[in-house]
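Readers should treat all values here as calculations from the given coordinates under stated rules, not as data from a laboratory. Note that this is a predicted model, so its numbers are computed, not measured. Neighbour counts run over all protein chains shown; Cβ positions are idealised from the backbone, glycine included.
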Amino acid sequence: MIANILDGIVLGLQFGLLAVGLTLVYGLGGVLNLAHGQMAVAAAMVVALAQAAGLPIWLAAGLGLLAGGLMGLILDLTILRPVYRLRGEARVLLSLLLTLGVSFTVEGFLNWRYALGALSLRIGGGAVEILGVPMRRGSLAASAITLATFAALFLFFRYTSLGRAVRSVIEDQEGARLVGIYPHRMLRLILVLSGVLAALVAITRAMVTPIDVHSGLSITTFALIVTVVGGLGNVAGALLAGLILGIVNAVAADLIGTYISLIILLGAAALTILTRPAGLLGVRE
Amino acid sequence: MLEVAGFSAGYQGNDVLHAVAFRVDAGEAVMIIGSNGAGKTTLFRAMCGLLSPSAGQVRFEGNDITRLPAERIARLGLRFVSAERHLFPRMTVQENLLLGAYPHRPDPQTLSTVLELFPRLAERRRQHAGTMSGGEQQMLAVGRALMSKPRLLVLDEPSTGLAPLLAQATYKALRVLRKQGLTVLVAEQQVPLAMAFSDRGYVLENGFIRLQGTTAELAAHPGIRSAYLGVT
Ligand SMILES: Nc1ncnc2c1ncn2[C@@H]1O[C@H](COP(=O)(O)OP(=O)(O)O)[C@@H](O)[C@H]1O
Ligand SMILES: [Mg+2]
């Protein structure tokens, strides 16, 4: 049981980080990015190819992060342009359709060129005992990196003027414009950040379990569920929801089975919408 | 400092503002008075880049700023305090104030001036803006605009939704700012409040400027006395 919970925490931290990108992009721009998982997978393939080409792991990982950020930027500059012309419901819907198209395109391409491609970053050395449970070094390293990233994000959003400016657009876009903040610049920045975070999750996930070219859909699904439960536009909510759902997922998968656990997660998301539409930490407006 | 000429604007192709013209010189306090629905908010929103005008021109410190986006205009030093305030509700008073200076580094001197002017804000620095009373939110909206050291402060009905005493207090603060040399343009429905503050004014009715003059001239005008000052 404790082993399951610890596994759940490792997974949950990564879920949370995935959701941060999705939730911020939605909060800032009213755009729901269904290609989030495929961006993560594509970044993972960049790392795998760079490694295969003989580059050291830190350089390969750096290229992966760069590729993630670049994909966010490309989304902003290309496919999302028509989305930006719309408001409200139509905007969300068009963003869903177009990014779904991107997800198929990316996955199709990867499947065609690198059908057997996968990223696996095993970290050697024996297991480390935590609460009497042997944990693999890969899991611990992945969690440490993820936690450090969360800490950096909190500091950025709370203590830098750029971070506050991003939050202000989520809070009140017109208010932000009236103090001289360009909302679209903030959205572009956050799309790049979300791409980098997706790549980071893919890389750290690969320290725990291999990422293959078909992992995109399940990554997007988890990220969406965590986003809904955590509340749109809420970084702390994403962390909390990621942890809770990660633990729920690990325990349920062990007790009942993997497919059932996904259904349980979807149920949790539906229940959240019904009872707390603004998410776990959300305040009703 | 500000010149508006032949300015028309509206919604869905129907103008509610018709060839409006007025000016504000450096150091002045100018009011635009008019009853509910006259077009004051439409005028300010179109002037500040939140709504696209259908005709006319806005010049600010010699530059044509017509149709520039609101964020550009704000950075030029023309700060608009909306009647809806548009604060950042789940951010602290302090964070709201600091954002007022964006993208520049907040000036500690300016911050202490603002907190001196509105001591309530100093007491509530760590409180979320959304949890404050209407009067405090109005102070914060003005304070946030002041953090940028604006060249011109434009206020839309700063008395809206405030109890009479709080509305008076708001105008008292505006008078202090005037004495410090700030140029102010204010739209107001509660005409006596605006008159006690302004040097000059314009009367907006159904989207047309009907009258203009010094505050004394307007206060003496029979039409104004009966329509806006409740004197028969
Ligand atoms: N968003 C809007 N859509 C359509 N008509 C509007 C809108 N806002 C204001 N109006 C109309 O424009 C006219 C002027 O309104 P407004 O500028 O708000 O006046 P004021 O601020 O002087 O009360 C009114 O007739 C009002 O009904
Ligand atoms: Mg109005």
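So how do A:129, A:107, B:205, A:171 line up by other beta-carbon neighbours within 10 Å, fewest first?
Going from sparsest to densest Cβ surroundings: A:129, B:205, A:107, A:171.
As a proxy for reagent exposure, B:86, B:128, A:36 were ordered by neighbouring Cβ count within 10 angstrom, fewest first; the result is B:128, B:86, A:36. Quick check on the protein assembly as shown: take the gyration tensor over C-alpha atoms, sort the square-rooted eigenvalues as a ≥ b ≥ c, and tell me if it's rounded (a/c under 1.5), prolate or oblate. In terms of gyration-tensor shape, prolate. Between the listed residues B:158, B:180, B:168, the Cα displaced farthest toward the positive end of the dipole of the range B:85-232, a dipole computed from Cβ unit charges relative to the Cα centre, is found at B:180.
Since only B:14, B:73, B:100 are under comparison, the one whose Cα sits farthest along the positive direction of the charge dipole of chain B, derived from C-beta charges on Lys, Arg, Asp and Glu, is B:100. Among B:57-63, A:59-65, the peptide with the highest mean count of other Cβ atoms within 10 Å heads the list, and the full ranking is A:59-65, B:57-63. Cα centroid separation, the range B:7-62 to the range A:1-79: 47 Å.
Taking the helices alone, chain B has a mean residue ellipticity at 222 nm of -10000 deg cm²/dmol, built from -39,500 (n - 2.57) per DSSP H run of at least 4 residues and averaged over all its residues. For the protein assembly as shown, the residue among A:260, B:38, A:279 whose Cα projects farthest onto the positive side of the dipole built from Cβ charges is B:38.
Simple point charges give the picture: +1 on the Cβ of Lys and Arg, -1 on the Cβ of Asp and Glu, and for the protein assembly as shown a dipole about the Cα centre of about 560 debye.
Need one word for the range B:1-150: rounded, prolate or oblate. Basis is the Cα gyration tensor (sqrt eigenvalues a ≥ b ≥ c); a/c below 1.5 gives rounded, then a/b vs b/c decides.
Prolate, because a/c is 1.5 or more and a/b exceeds b/c.
Here the spin labels are modelled as points 7 Å beyond Cα on the Cα-Cβ line, and at residue A:55 and residue A:77 they lie 1.9 nm apart. For residue B:80, the amide hydrogen comes within under 5 Å of the amide hydrogens of B:154, counting only partners 5 or more places away or on other chains and with H modelled in the peptide plane.
Please compute the net charge surrounding residue B:214, taking Lys and Arg as +1 and Asp and Glu as -1 over other residues with Cβ under 12 Å from its Cβ.
So the environment of residue B:214 carries a net charge of -2.
Rounded to the nearest 10 degrees, the angle from helix A:183-205 to the longest Cα principal axis of chain A is 10 degrees. Return the whole-Å distance between the Cα centroid of the range A:96-112 and the Cα centroid of the range B:66-145. Value for the Cα centre distance between the two parts: 44 Å. Exposure proxy shown here: for B:7, A:156, the number of other Cβ atoms within 10 Å sets the order, fewest to most, as A:156, B:7.
The Cα atoms of the range A:173-275 give a gyration tensor whose axes a ≥ b ≥ c have a/c of 1.5 or more with a/b no greater than b/c, which makes the shape oblate. Here the range A:234-285 and the range B:162-216 have alpha carbon centers that stand 53 Å from each other. The angle between the Cα long axis of helix B:108-117 and the longest principal axis of the Cα atoms of chain B comes to about 70 degrees, rounded to the nearest 10. Compared with the dominant principal axis of the Cα atoms in chain B, helix B:164-179 is inclined by about 90°.
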